[in-house]
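Okay, so here's the structure we're looking at.
Quick note: the coordinates plus some simple rules give every number you see, no bench work behind them. Since the structure is predicted, the reported quantities are computational estimates derived from the model, not experimental observations. Cβ coordinates were reconstructed from backbone atoms using ideal geometry, including for glycine residues, and neighbour counts include every protein chain displayed.
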Amino acid sequence: MLRKSLFLFLIIALMSIGSAFAAEDAVIVFNTPVGGSEPAPAFPGDSYQVTFSAEKGQSLHLATMFVQSNDWFFSPNDWGIALYDSNGAAISGDVTRYIGLFDAGTEIDEMPGTGAHQAPRQPGPDSGDADPNQTVRRANDSFGVTPPVNQLIKAMLTDLGDGNFMLTIENISGNSTLPSPIAPGIAVVTSMTSPLFESGSADRGLGLEALAEDGNPAHLAANLGGEMMPEAPTTPAPSGSNVQVFAVPVGGEGPAPAFPGDAYEFAFSAAQGDSLHLATMLVQSNDRFFSPNEWGIPLFDSNGNALSGDMTDYVHLYDAGTELDETPGAGAHQAPRQPGPNSGATDPNNLVRRAHDNTGITPAVNQLIKVTLTHMGGNDFVLRIENVSGGSALPGPLAPGVAVVTSDVAPLFKAGTIDRDQGLEQLAEDGMPGRLAENLAQ
């Protein structure tokens with residue numbers, strides 16, 4: 001999921017707590033695992049890293065969702081993690097002991113790892129019932145299935161010198177009784193107490209709910225005044241490129257799946273002879289994706305007139321041939337339920353091909369998405385990809401995808417041949433278009 005360079009750097013008054021961040025304070029979103037090229041959850045074995053500067057007297061506060069929960073998140077207490085000792089010396093080392101598991105008090109708790117309204121299984125954001133206890137508090141697992149924090153994450157603080165630090169948050173839950181991803185999160189460096197929440201009080205409505213329930217820190221970052229890190233490709237791709245990643249739903253504040261009722265939109269320019277090619281994952285599958293055929297979606301008619309209108313008929317559902325198919329909407333190795341990327345068995349038929357659902361569960365494409373092309377004048381267009389699956393037999397999100405405007409045939413794949421290993425596999429299996437976009441833009 002892309003569009004990471006938000007770079008707000010706003011100093012926003014926090015009226016709900018009666019004070020404001022000082023200019024030397026910092027709010028940073030961490031969203032891309034170490035070694036990754038785009039925002040994604042950190043699965044067991046993955047890590048997030050945050051680099052920052054801090055003055056004496058400042059502490060580090062952070063929050064990142066425990067994904068196999070309804071609204072639990074990892075965070076230090078109201079005082080944060082100390083960065084300097086009582087003598088003013090910078091601190092380094094394992095700081096996991098300062099981090100607890102908190103309940104945001106915004107959604108009623110289900111058994112961790114199984115709840116129908118927890119992020120890996122929920123039909124959409126904010127879908128669970130309200131929590132009758134609406135205070136932010138230490139999580140109390142009455143089900144007895146959640147391991148201690150130090151069996152789920154490890155937090156290491158490194159002094160880089162001259163007031164600079166690096167925090168590494170490693171997901172070590174793979175060997176625990178409840179392996180789980182951790183979601184993109186937020187870090188705040190400040191001398192204030194309780195910048196994100198106050199224990200025993202209700203959530204302030206600044207975005208902690210979206211972070212704790214859905215793993216989306218963008219709203220909280222925007223309200224606090226923050227920076228997305230690390231910097232990475234945005235939408236569109238490099239200047240002059242004909243490759244774009246669409247990642248932020250219309251009306252959204254950051255990269256996210258498009259749930260039923262949501263849509264992606266992007267603008268582009270094209271010359272006569274160009275066609276539009278795109279790919280976006282059917283999330284309730286192992287490796288299926290929506291795409292036109294090798295010839296793409298036409299943008300001009302035979303007389304050179306620009307086209308507009310419903311283009312859904314040009315879009316089909318393809319199988320990337322990279323992972324063995326399970327029952328759509330139920331497979332343990334499909335993105336909403338898989339333990340990690342690329343976790344399923346290999347498909348014995350490794351050809352990219354039109355998807356064939358032997359179970360009969362998957363509705364027609366036009367019951368899942370609607371693709372509308374709008375000519376804006378001249379050579380300019382807007383494409384809208386709307387998720388209309390809510391009333392179908394297989395409601396589910398769409399993932400961020402990639403679009404290519406070109407006169408070439410088959411820029412993304414050629415049906416009947418194997419995947420070219422340029423990144424289509426990651427897009428089709430895990431909803432991650434970054435590698436494919438980077439390879440196409442070269």
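For Ile153, the residues 5 or more places off, or on other chains, whose built amide H falls under 5 Å of its own are Ile172. What the phi angles of the range 436-441 give under the Karplus curve with 6.51, -1.76 and 1.60, with θ = phi - 60°, is a coupling list of 5, 4, 5, 5, 6, 7 Hz, glycine and proline written as x.
Modelled spin labels at Ala89 and Ser308, positioned 7 Å past Cα toward Cβ, are 7.0 nm from each other.
With contributions of -39500 (n - 2.57) from each DSSP H run of at least four residues, the per-residue ellipticity at 222 nm computed over the chain stands at -1500 deg cm²/dmol.
Whole-percent P(r), the range 13-229, all Cα pairs, 5 Å bins from 0: 1, 7, 16, 21, 21, 17, 10, 5, 1, 0, 0. Let me make sure I get this right: for the range 105-174, a, b and c are the square roots of the gyration tensor eigenvalues over alpha carbons, sorted descending. Under 1.5 in a/c it's rounded, otherwise prolate if a/b > b/c, else oblate. Which is it? Since a/c reaches 1.5 and a/b is larger than b/c, the shape of the range 105-174 is classed as prolate. Distant-in-sequence amide contacts of Leu62, defined by a placed amide H-H separation under 5 Å and a gap of 5 or more residues or a different chain, comprise Val188. Here, P(r) means the percent of Cα pairs in each 5 Å bin from 0 to the largest distance; for the range 277-429 it is 2, 9, 19, 22, 19, 14, 8, 4, 2, 1, 0. Kirkwood Rh over Cα pairs of the range 39-134 into Stokes-Einstein at 10 °C, 1.306 mPa s: D in µm²/s? Answer, rounded: 102 µm²/s.
With contacts defined as alpha carbon pairs under 8 Å and 6 or more residues apart, what's the relative contact order of the chain in percent? Reported as a whole number, the value is 19 percent.
Taking a Cβ cut-off of under 9 Å around Pro125, the surrounding Lys, Arg, Asp and Glu residues balance to a net charge of -3, with basic ones at +1 and acidic ones at -1. This ranking places Ile81, Ile418 by how few other beta-carbon atoms lie within 10 Å of each, fewest first, which gives Ile418, Ile81. Across the chain, the longest piece that holds none of the chymotrypsin sites (Phe, Trp or Tyr not before Pro) lying in DSSP loops with up to 15 other C-beta atoms within 10 Å covers 144-294. For the range 49-58, 3J(HN,Hα) computed residue by residue from phi via the Karplus equation (6.51, -1.76, 1.60; θ = phi - 60°) reads 10, 10, 10, 7, 10, 8, 9, 4, x, 8 Hz, glycine and proline entered as x. With neighbour counts taken as other beta-carbon atoms within 10 Å, the residues Ser86, Ser173, Ser180, Ser201 rank, fewest first, as Ser86, Ser201, Ser173, Ser180. For the chain, the extents of the C-alpha atoms along the principal axes are 75, 46, 36 Å, listed from largest to smallest. In order along the range 182-196, the Karplus-derived 3J(HN,Hα) couplings, from 6.51 cos²θ - 1.76 cosθ + 1.60 at θ = phi - 60°, round to 10, 9, x, x, 10, 10, 10, 10, 7, 8, 6, 9, 6, x, 9 Hz, and Gly and Pro are given as x.
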